[in-house]
Amino acid sequence: MMRPAVAAALALPLLAQAAGFDAPGLARFDNGYARCEARYAHMKGARDEAYLAAYRVKADGAGRARLADLRRSAAYRKELRAAQAEAAKPAASAASSPIEQQCQALWGQVLRARSAAKG
């Protein structure tokens, strides 16, 4: 019989993956990633890969299909409109922009996921 602590430890990564796939979170991510794509050309076209890498989920057809399904939902569209409206508001500029830091950290996750997939 499996001990409860061991079972919980084994289930935790699965719960983290499942929790990562929610329409409002994906909409906020997509809005932020679009800003990264606008700043950094090398990030263009890797949105799904970046989202899946952030949650340490393999970037395969099933993962991409789950993201596509979420993007078709009403909850996603509603949250995306809200996130875009919030991003359109003027913000105080900082010496080191938080969006730059987030973009670089996210791209680091993509590169780590790519190297793990190769090796």
| field | Filter result for Ala54 (within 14 Å of the chain's Cα centre (by Cα) and of a type in the set (Gly, Ala, Ser)) | value | yes
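Return the total of residues in the stretch 22-79 being farther than 18 Å from Cys103 by Cβ, part of a loop (DSSP other than H, G, I, E, B) and among the aliphatic types (A, V, I, L, M).
Filtering the stretch 22-79 for residues farther than 18 Å from Cys103 by Cβ gives 22-24, 56-79.
If we keep only those that are part of a loop (DSSP other than H, G, I, E, B) as well, we get 22, 56-60, 72-73.
Checking which are among the aliphatic types (A, V, I, L, M) leaves us with 57, 59.
Here the count works out to 2.
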| note | (1) of a type outside the set (Gly, Ala, Ser); (2) more than 17 Å from Arg28 (Cα to Cα); (3) surrounded by 14 or more Cβ atoms within 10 Å (Cβ to Cβ) all hold for Lys58 apart from (3)
| Matching residues in the stretch 32-48 - criterion: being within 19 Å of Leu80 (Cα to Cα) and either touching a residue at least 12 places away in the same chain (Cβ under 8 Å) or surrounded by 14 or more Cβ atoms within 10 Å (Cβ to Cβ) (or both) | Gly32, Tyr33, Ala34, Arg35, Cys36, Glu37, Ala46, Arg47, Asp48
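Just so you know, all these numbers are worked out from the coordinates, no wet-lab data involved. In this text, all values refer to a predicted model and were calculated from it rather than measured experimentally. Virtual Cβ from ideal backbone geometry, glycine too; neighbours counted across all protein chains shown.
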